[in-house]
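Below you'll find the structure, written out as structure tokens, and then a few comments.
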Amino acid sequence: MKARIVAFGCVHAPHSPEHALAFAVNVVKNARPTHIVCTGDLFEAAAASVHNEEHDHDLIDEYEFAAAFLERIHNVAPRAEKHWTLGNHDDNLLAADRRRVPKPLRRAVEWNHSAYRKIFEQWQARPHTKDKAGVAIIGPVHVYHGFRCGRNSDNIEAVEMAMICRAPYDSLMIRSHTHQPIYPTRCEMNSADLPWWYLNVGTLGPLRPEYAKKRNTQRWGHAVAVVEVSGSKWNATLERL
């Protein structure tokens, strides 16, 4: 197969800075992709947070903001196949967890019941699950949101997901979740090279959010991945803002 993939993630609407969104739209426009993947955390989902934090916005504001961004992406690449691998923040709106959204309200808060349903339905949503169902697979490229955090988590999780998906040798695993951009890197274990690669697209959200004021976010960054696929071969670049 031949494909050109653009991947970005961790938008955290409505907190995303405009310069980061404009950067992503411009990368998509110039890349002319056949496939686009949003790696999740499109929404902040503050309404489903277990933390007692008050925000100046509500859930409809998040949907409006996110839909406007997705529409900008669609307008510069209307024919591209679009995927959305849900992140943990997105999944908080759907989770069977009484601390987040009471059961009688779960359908009501789901984005496809909002006024922006038609925009969201342009994207093939995949669940936030650590299995093949939660992965957008395009030839040798496997894209998912991510679950692990911490040092070396990209490498560890790439190996896990490659094994779960039974990915062919030299496949590329792409995620976001940690907000830390990482250029294409070979997987390893105990200093031995493994037959897979990983890449992290960072975030399009804020780099110094209020909720992370006690954390070190110096490695966070805005980035978008562009991957050329030809058969079982791929060539990936990471565009940094």
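The values are calculated or read from the model by the stated rules, or taken from the named source; none is laboratory data. These numbers come from a predicted model, not from an experiment. Neighbour counts are summed over all protein chains in view; Cβ atoms, including those assigned to glycine, are modelled from backbone coordinates with ideal geometry.
Here are the numbers for the structure shown:
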{"read-out": "Criterion: in a strand (DSSP E or B), buried (at least 16 other Cβ atoms within 10 Å of the Cβ) and in contact with a Lys or Arg (Cβ under 6 Å, 6 or more places away or on another chain) - qualifying residue of Ala236, Ala223", "value": "Ala223"}
{"read-out": "Single residue of segment 115-138 satisfying the filter (part of a loop (DSSP other than H, G, I, E, B) and either of a type in the set (Phe, Trp, Tyr) or without any contact (Cβ under 8 Å) to a residue 12 or more places away in the chain (or both)) that is surrounded by the fewest Cβ atoms within 10 Å (Cβ to Cβ)", "value": "Glu121"}
{"read-out": "Residue that is surrounded by the most Cβ atoms within 10 Å (Cβ to Cβ) [pool: residues in segment 186-212 that are small (Gly, Ala, Ser) and farther than 24 Å from Val25 by Cβ]", "value": "Ala212"}
{"read-out": "Within segment 99-136, considering residues that are of a type in the set (S, T, N, Q) and within 22 Å of Thr34 (Cβ to Cβ), the one farthest from the chain's Cα centre (by Cα)", "value": "Gln122"}
{"read-out": "Some residue of segment 64-72 being over 30 Å from Arg32 (Cα atoms) and either basic (Lys, Arg) or touching a residue at least 24 places away in the same chain (Cβ under 8 Å) (or both)", "value": "no"}
{"read-out": "The lone exception for Ala96 - which of (1) under 30 Å from Arg219 (Cβ atoms); (2) out of contact with any Pro (no Cβ under 8 Å at 6 or more places or on another chain) it fails", "value": "(1)"}
{"read-out": "Residue tally, condition surrounded by 22 or more Cβ atoms within 10 Å (Cβ to Cβ) and more than 13 Å from the chain's Cα centre (by Cα), over segment 1-19", "value": "2"}
{"read-out": "Only listed residue being buried (at least 16 other Cβ atoms within 10 Å of the Cβ) and among the basic types (Lys, Arg), chosen from Arg148, Arg215, Arg166", "value": "Arg148"}
{"read-out": "Single unsatisfied condition, Asp56 versus (1) more than 21 Å from Ala136 (Cα to Cα); (2) of a type outside the set (Val, Ile, Thr); (3) surrounded by 15 or more Cβ atoms within 10 Å (Cβ to Cβ)", "value": "(3)"}
{"read-out": "Checking Leu70 against (1) modelled with pLDDT of 90 or more; (2) outside any helix (DSSP H, G or I), the condition it does not meet", "value": "(2)"}
{"read-out": "Pick from segment 1-60, criterion aliphatic (A, V, I, L, M) and part of a loop (DSSP other than H, G, I, E, B), ranking: farthest from Pro78 (Cα to Cα)", "value": "Val50"}
{"read-out": "One residue from Leu207, Leu172 being under 19 Å from the mean Cα position of the chain (by Cα), within 20 Å of Ile5 (Cβ to Cβ) and modelled with pLDDT of 95 or more", "value": "Leu172"}
